[in-house]
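One structure is given here, and the rest of the page talks about it.
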Amino acid sequence: MQSIVIKKYESKKNLMHPVIFLVIGLLLLFNPGGITEFISYIFGGVFLAMGIMKFIIDAKRFDKTTGDSFYSATMVVLGVIFIFFSGTIEFIIRLAIGSWIIINALNTIAIGANLVKLEKNSVVTLIIGFILLIMGLYTIFVSNLILSTLGLVITIYAVLEIVDYFYIQAKSR
């Protein structure tokens, strides 16, 4: 059997990507509301610009359809909604995710209640259902929980990448 010997470890890693991820992660962790509003403004501006440009382009065409006008108006309305109701959009996202968790929790509780009648060991399913219910309610009522968690994960990833970069640099000397 032949063994593989690594004579030199060469890496093309650099610090640019981990530092960018670190900044994004810290921003998401400590200011998720501001990031949500910023992204909402960007989407709103893009939708608004697309709707206006489409309206201008369609106004110059001879073969207009009602679908073109509807598309332009829809894009403008979406742009205005994203710009002026950015906080509401964040709440709707939280409400949708929290509701999904609550629906699954209620289903798990119902299954657990039926299983407890058959087996005494299935109390764990009930406990998991109630934990999911609490998590769903927490997701709905705590602002920016999901983005903060994502920010924490991205920050940890970036720190690990930075540590790995310096470890590799020390090994290659």
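The values are calculated or read from the model by the stated rules, or taken from the named source; none is laboratory data. Note that the structure is predicted; figures quoted are calculated from it, not measured. Heads up, the Cβs are rebuilt from the backbone with ideal geometry, glycines too, and the neighbour counts pull from every protein chain shown.
Tabulated data
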quantity	calculated
Qualifying residues in segment 117-142 (those that are surrounded by 14 or more Cβ atoms within 10 Å (Cβ to Cβ) and among the hydroxyl-bearing types (Ser, Thr, Tyr)) - the one nearest to Leu95 (Cα to Cα)	Thr139
Set Ile131, Ile127, Ile111, Ile101: member being assigned to a helix (DSSP H, G or I) and within 24 Å of Gly87 (Cα to Cα)	Ile101
Hey, Phe43 under 28 Å from Ala158 (Cβ atoms), surrounded by fewer than 18 Cβ atoms within 10 Å (Cβ to Cβ), aromatic (Phe, Trp, Tyr) and under 22 Å from the mean Cα position of the chain (by Cα) or not	yes
Qualifying positions in segment 123-147 - among the small types (Gly, Ala, Ser) and at pLDDT below 85	Ser143
Phe82 vs. criteria within 30 Å of Leu26 (Cα to Cα) and touching a residue at least 40 places away in the same chain (Cβ under 8 Å)	yes
Top-ranked residue of segment 45-104 - restricted to ones that are of a type in the set (Gly, Ala, Ser) and modelled with pLDDT of 90 or more, ranked as nearest to Met135 (Cα to Cα)	Ser99
